[in-house]
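Each value in this text was obtained by applying a stated rule to the coordinates, not by laboratory testing. Small disclaimer: the values here were computed from a predicted structure and weren't measured. So basically every Cβ, Gly included, is an ideal-geometry build from the backbone, and we count neighbours across all protein chains shown.
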Amino acid sequence: MNADRDALRAGAASPRRANDADAGVLSRLFAASFLSDPVFDWIARRDPGRAQALERFFFWLLRIRVIPFGEVWMSEGAAAAWLPPGAFANSGGFFKQIKLLAPYMRLCGLSRLARGPALATAMEKNHPAEPYFYLAYIAVAPRLQGLGLGGKLLGATLNRADAAAMPAYLENSNPWNTGLYERCGFIARRNIAPPGGPPLIAMWRPAAARSYGSSSLSQ
């Protein structure tokens, strides 16, 4: 078991860049990881189609809006979906796309339909004006959580921001992850959740020319 754990941690510290062919595997990983996330629990439909709706949402989001930018990194059982500086200036921008009606109808269902766009609007309104690397989502398979894969993966991918001397930004939807983000240099700013929603904490990491542990990224 220790050998397996060490191999998984080593893989997370040296992730590879995801491509379109990985969208299916990644969508299942993110859906499983975020199934009980407080914010997704608030916006996602409550019927038996919930898990499938999450998987379809992540597949669409990753394939169309995130993977094409080349900053989605993965290892066995873990993945981090980043957007590089300047991605939001794209005419088909990230938040413009995720506020579209059809994806949220599938994810939220009719009774919660207003919640998804309200969340996307709150996130867009509070994004920093200066260029930065944006961690949209990070996930570890539920069966592998607690092994340190998230920290290894986050440290490895943050090295790209450090190499470019760029800050990084994320929204923390789960208090369980706060310690991880703080250890990697993120500082909580404020709660940006829309009215009625669970806390969504904007976190900022200043530009830093340093790395967090030994790691490398596979092209």
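Projecting the Cα positions of Gln52, Ser173, Gly116 onto the charge dipole of the chain (unit charges on Cβ atoms of Lys, Arg, Asp and Glu, taken about the Cα centre) puts Gly116 furthest along the positive direction. Values (i) 49; (ii) 38; (iii) 23 are given for comparison; percent of Cα pairs over 28 Å apart, derived from the coordinates here, is the one labelled (iii).
Based on DSSP H runs of at least 4 residues, each adding -39500 (n - 2.57), what is the mean residue ellipticity at 222 nm of the chain after dividing by all its residues, to the nearest 500 deg cm²/dmol?
Mean residue ellipticity at 222 nm (helix-derived): -11500 deg cm²/dmol.
Counted by neighbouring Cβ atoms within 10 Å, the residues Val39, Val25, Val72 run from fewest to most as Val25, Val39, Val72. Apply the a/c threshold of 1.5 to the C-alpha gyration tensor of the range 130-212 and tell me whether it is rounded, prolate or oblate. Because a/c hits 1.5 or more and a/b fails to exceed b/c, the range 130-212 counts as oblate. Sorting Ile187, Ile201 from the fewest to the most surrounding beta carbons within 10 angstrom yields Ile187, Ile201.
Taken about its Cα centre, the range 2-205 carries a charge dipole of about 400 debye when Lys and Arg each add +1 at the Cβ and Asp and Glu each add -1 at the Cβ.
A straight line joining the Cα centroids of the range 19-39 and the range 149-189 runs 19 Å. For the range 9-88, the list of GluC sites (Glu not before Pro) that fall in a loop by DSSP and count at most 16 other C-beta atoms within 10 angstrom reads Glu76.
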